[in-house]
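**Q** I have a structure here, written as structure tokens, and I will follow up with some questions on it.
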Amino acid sequence: MSGKEGAGGFKKRKHDNFPHGHRREEKDNINPSTVFMSFKAFQLELDTRHDKYERLVKLSRDITIESKRTIFLLHRITSAPNGDEILMESEAKLDTVRQKIKQVAQELMGDDMYQFHRAISPGLQEYVEAVSFQYFIKTRTLVSIEEINKQLIFEAEDKEEETKPASDCLNSQSHIWCLKVTPVDYLLGVADLTGELMRMCISSVGNGDIDTPFELSQFLRQIYDGFSYIGNTGPYEVSKKLYTLKQSLAKVENACYTLKVRGSEIPKHMLADVFSSKTEIIEQEDGLP
């Protein structure tokens, strides 16, 4: 037979040129303890990452709880005689939330935030909702993401400077930590804000305030128009909340319609009941629970 193998022949493998004893010697040189130590290092790395993830989940849960308490407090402003006291108290609560966010920033120091984003995203969304709600009550405008991130830059206290290493976020000599809210978390927090504004509208109607619902209706319309530009091209969570945003806008516009058409013939203390009954009809027509 020639140098080329004929039909049905076996193709010669490259390592067949080496003696069989040499291949057996390579297998014998593998040290089981080296393999064990490698997997032990992998286990330690995974356990460390998992423990950090669980700590971030707990911090995110605390941020969510404190942010919700701030939102509940801000809803009292529609019936409170002095709204400045409520705003001051809400600012103190938000400072407490920022201290939790500072701990998140310290946990993420030196790591890629997006590796742990799923753990902290719910808390950041709730914080954006609380901050934007307070900002709207103060200014009747929407807070920007730049303004939110500006408040999430933290300087270390004296005791922390002795124990904590410097952050990679800014200057290493200034002992500064920072955490940036992602655009998606910002949009989801603003989408949740519309639900709080709808509840604020109901409270205002119940207190006989006939000016705030029209103001809220115009503001919600602007937000809805902004989200409409995103549509289905944005993240799935954003497009999913667009339907809820539309429902909140419909309820507020229905309140404005009731006030405009029947506001003069219905006593103020009964406006909230009429509005609530119409809201239930809208929810039944849309199939909402």
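**Q** For segment 26-36, check the following and say yes or no: at least one residue is modelled with pLDDT under 80 and aliphatic (A, V, I, L, M).
**A** yes
**Q** A further question follows. Give me the residue from segment 200-226 that is at pLDDT below 90 and in contact with a His (Cβ under 9 Å, 6 or more places away or on another chain) and, out of that set, nearest to ILE120 (Cα to Cα).
**A** SER203
**Q** Restricting to segment 118-130, what's the tally of residues that are open to solvent by less than 10 Å² (accessible area, probe 1.4 Å) and closer than 15 Å to VAL104 by Cβ?
**A** Residues flagged as open to solvent by less than 10 Å² (accessible area, probe 1.4 Å) and closer than 15 Å to VAL104 by Cβ within segment 118-130 amount to 6.
**Q** Okay, moving on. Quick one: in segment 131-164, of everything that is assigned to a loop (DSSP other than H, G, I, E, B) and surrounded by 13 or more Cβ atoms within 10 Å (Cβ to Cβ), which residue is modelled with the lowest pLDDT?
**A** The qualifying residue modelled with the lowest pLDDT is LYS164.
**Q** Right, another one. Please go through segment 50-82 and pick out each residue that is part of a helix (DSSP H, G or I), more than 28 Å from TYR114 (Cβ to Cβ) and among the polar types (S, T, N, Q).
**A** THR78
**Q** Condition first: touching a residue at least 60 places away in the same chain (Cβ under 8 Å) and either assigned to a helix (DSSP H, G or I) or crowded, with 16+ Cβ neighbours inside 10 Å (or both). Can you find one or more residues in segment 223-236 that meet it?
**A** So in segment 223-236, the residues touching a residue at least 60 places away in the same chain (Cβ under 8 Å) come out as 223.
Keeping just the survivors that are either assigned to a helix (DSSP H, G or I) or crowded, with 16+ Cβ neighbours inside 10 Å (or both) gives 223.
Scanning segment 223-236, I find at least one residue that is touching a residue at least 60 places away in the same chain (Cβ under 8 Å) and either assigned to a helix (DSSP H, G or I) or crowded, with 16+ Cβ neighbours inside 10 Å (or both), so the answer is yes.
**Q** Taking the criterion of being open to solvent by less than 80 Å² (accessible area, probe 1.4 Å), at pLDDT below 90 and assigned to a helix (DSSP H, G or I), would at least one residue in segment 83-99 satisfy it?
**A** Yes, segment 83-99 contains at least one residue that is open to solvent by less than 80 Å² (accessible area, probe 1.4 Å), at pLDDT below 90 and assigned to a helix (DSSP H, G or I).
**Q** Here's something else I'd like to know. Answer yes or no as to whether HIS75 is in contact with a helix residue (DSSP H, G or I) (Cβ under 9 Å, 6 or more places away or on another chain), within 21 Å of PHE133 (Cβ to Cβ) and modelled with pLDDT under 95. Talk me through it step by step, then tell me what you get.
**A** Details: in contact with a helix residue (DSSP H, G or I) (Cβ under 9 Å, 6 or more places away or on another chain): yes; within 21 Å of PHE133 (Cβ to Cβ): yes; modelled with pLDDT under 95: yes.
Spelling it out, HIS75 is indeed in contact with a helix residue (DSSP H, G or I) (Cβ under 9 Å, 6 or more places away or on another chain), within 21 Å of PHE133 (Cβ to Cβ) and modelled with pLDDT under 95.
**Q** Please enumerate the residues belonging to segment 172-218 that are open to solvent by less than 40 Å² (accessible area, probe 1.4 Å), part of a helix (DSSP H, G or I) and under 17 Å from MET113 (Cβ atoms).
**A** ASP185, TYR186, LEU188, GLY189
**Q** If the Cβ limit is 6 Å and pairs must be 6+ apart or interchain, which residue in segment 146-163 that is farther than 29 Å from ASP185 by Cα pairs with which residue that is at pLDDT below 95 and open to solvent by less than 100 Å² (accessible area, probe 1.4 Å)?
**A** Within 6 Å, the pairs are GLU161/HIS175.
**Q** Could you grab the pairs with beta carbons closer than 6 Å, sequence gap of 6+ or different chains, first residue in segment 84-106 and without any contact (Cβ under 8 Å) to a residue 40 or more places away in the chain, second one outside any helix (DSSP H, G or I)?
**A** What qualifies is ILE86/ALA80.
The values are calculated or read from the model by the stated rules, or taken from the named source; none is laboratory data. This structure is a prediction, so every number in the text was calculated from the model and none was measured. As a convention, Cβ positions derive from the backbone with ideal geometry for all residues, glycine included, and neighbour counts pool all protein chains shown. In case anyone asks, the SASA skips ligands and DNA or RNA and just uses the protein heavy atoms, side chains included. Shrake-Rupley method; radii C 1.70, N 1.55, O 1.52, S 1.80 Å.
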